[in-house]
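Accompanying notes for the structure given below.
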Amino acid sequence: MSGPHAGVLAEARSGPASGPRVGVLALQGDVREHAGLLSGLGARVTRVRRPDDLAVIDGLVLPGGESTVIDKLARLYGLRDPIRDAIAAGLPVFGTCAGLILLADRIVGAIEGQQTFGGLDVTVRRNAFGGQVDSFETDLDVPALGAPPVHAAFIRAPLIDQVGPDALALAALPDGRVVAVEQGALIGTSFHPEVTGEARFHRRFLDHVIARS
Ligand code: GLN
């Protein structure tokens, strides 16, 4: 189609024609929540399912879900090594919950053979709060994001047991246990901002994407 409305129609079909190009790893988990939030912030979102999809993005979100399943599928689809290499080369990445586990250099409570993409200099403990029934919501102070506190949903959540010298804690529970970290252009949270309508972590991630692209 051509003519004066062609651009408008193309935009209506595929989202904004400009804005940061980001991917959401779409193998399993809460892909739709992240994609909706990122589109609402003006990003152009690609669902990443094949290695080729990585060529058109400047940042990647690893969703919440089940890290063991996402790990297995990523290896099956030939995505693990390209994602690992892209992270090592500086790709901005935001991981929530299972996504945090996938970003961690070290995990406790992994299943046999479980691997991560790595990048964050942290040790993450899977299912640190117990099972599904031990899921909870709470308000968290996140000094880097300012007021108001973040309303955070923890769903079979991991904890960050140890923060290595290259990473920085962004948020902790009142007892001091760390639940959000940042390292350069990498952000990881134990909880799910995408399910409570909290957009500030995604905006921070997009700031990293814009700064690096
Ligand atoms: N317990 C899950 C895992 O190990 C993470 C849960 C979540 O992402 N909500 O992958």
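The values are calculated or read from the model by the stated rules, or taken from the named source; none is laboratory data. Not measured: the values here are computed from a predicted model. All Cβ positions, even for glycine, are placed from backbone atoms using ideal geometry, and neighbour counts span all protein chains on display.
Values computed for the structure shown
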read-out: Strands (runs of 3 or more DSSP E) enclosed by the range 138-213 - at least 1 residues per element that are within 18 Å of Phe117 (Cα to Cα) and not hydrophobic (A, V, I, L, M, F, W, C); value: 159-163, 178-183, 186-189
read-out: Flag for Val48 being of a type in the set (Val, Ile, Thr), crowded, with 24+ Cβ neighbours inside 10 Å and touching a His at 6+ places or on another chain (Cβ under 9 Å); value: no
read-out: Number of the exception - Val133 against (1) out of contact with any Phe, Trp or Tyr (no Cβ under 9 Å at 6 or more places or on another chain); (2) in contact (Cβ under 8 Å) with a residue 40 or more places away in the chain; (3) within 15 Å of the ligand (Cβ to nearest atom); (4) hydrophobic (A, V, I, L, M, F, W, C); value: (2)
read-out: Single condition Glu182 does not satisfy, out of (1) in contact (Cβ under 8 Å) with a residue 40 or more places away in the chain; (2) crowded, with 17+ Cβ neighbours inside 10 Å; value: (1)
read-out: Count of residues meeting criterion [in contact with a helix residue (DSSP H, G or I) (Cβ under 7 Å, 6 or more places away or on another chain), under 20 Å from Gly113 (Cβ atoms) and surrounded by 18 or more Cβ atoms within 10 Å (Cβ to Cβ)] in the range 64-81; value: 7
read-out: Boolean, Val24 is at pLDDT 95 or above, among the β-branched types (Val, Ile, Thr) and within 13 Å of the ligand (Cβ to nearest atom); value: no
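Table: residues versus (1) over 17 Å from Gly90 (Cα atoms); (2) surrounded by fewer than 22 Cβ atoms within 10 Å (Cβ to Cβ).
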site: Leu120; (1), (2): no, no
site: Gly130; (1), (2): yes, yes
site: Arg177; (1), (2): yes, yes
site: Gly197; (1), (2): yes, yes
site: Asp207; (1), (2): no, yes
